1. For the range 87-134 and the range 5-57, compute the distance between their C-alpha centroids and round to whole Å.
2. Averaged per residue, what accessible area in Å² does the chain show with a 1.4 Å probe, protein chains only?
3. Which value, in Å² rounded to 10, gives the accessible area of Arg66 with a 1.4 Å probe and all protein chains present?
4. Using a Gaussian network model of the chain whose springs link C-alpha atoms within less than 10 Å, name the residue from Val58, Val84, Val116 with the highest mean-square fluctuation.
5. Mind listing the long-range amide H neighbours of Cys132? Cut-off is under 5 Å, sequence gap 5 or more, other chains count too, H placed in the peptide plane at 1.01 Å from N.
6. Taking springs between alpha-carbon atoms closer than 10 angstrom, which of Pro65, Pro73, Pro33 fluctuates most in the Gaussian network model of the chain?
7. Which residue, Arg91, Arg38, Arg29, tops the fluctuation ranking in a GNM of the chain built on C-alpha contacts under 10 Å?
8. Gain in length, Glu13 to Met37, computed as 0.36 nm per residue apart minus the alpha-carbon separation, to one decimal in nm?
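The values are calculated or read from the model by the stated rules, or taken from the named source; none is laboratory data. Bear in mind the structure is a predicted one, so any value in this text is a computation, not a measurement. Methodologically, a virtual Cβ is constructed for each residue, glycine included, from the backbone with ideal geometry; neighbour enumeration extends over all protein chains shown. Accessible surface is based on the protein model in full, side chains and every heavy atom, while ligands, DNA and RNA are left aside. Shrake-Rupley method; radii C 1.70, N 1.55, O 1.52, S 1.80 Å.
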Amino acid sequence: MLRIQNITFACDEPAKLAAFWEAALGYARPELPAEFMREIEAQIERGELDPTGWAMLVPPDGRGPRLLFQHRPKTPTDSIPIHVDLRAEDREAEVERLRGLGATVVETKSHRIASVDETWTVMKDPEGNGFCVQ
């Protein structure tokens, strides 16, 4: 069985985009072992690692995928071939909260399958990555 370990965002400003998703999802910066941090700091001092070139967030309960943010060229976001779907108890309130964090609304859609009506809002994070709130 496969499980999602990481969801990776190619982005221009990893720390800024991580801050948006940290506030949006309640994820947190991981606490890394001291030895690992010393290795990272040494790589930064030697110029081998750009401290602004990446960020990581983990779910607060430790269950679920990590979110990785890497500075690298990204593909156009218009088609959003892979995106994050979020479920909210109050979709409209959550959309407004996310707008306050810097997301933009693309459109709100609805469809009916059998006797079930579904409505979701297509949004973009501050770097234009698409996601939906249902």
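1. 27
2. Per residue, the chain has 68 Å² of solvent-accessible surface.
3. Surface open to solvent at Arg66 totals about 80 Å².
4. Val116
5. It is Val84, Asp85, Leu86, Met123, by chain and number.
6. Looking only at Pro65, Pro73, Pro33, the largest GNM fluctuation is found for Pro33.
7. Judging by the Gaussian network model, the answer is Arg38.
8. Working it through step by step, the gained length comes to 6.5 nm.
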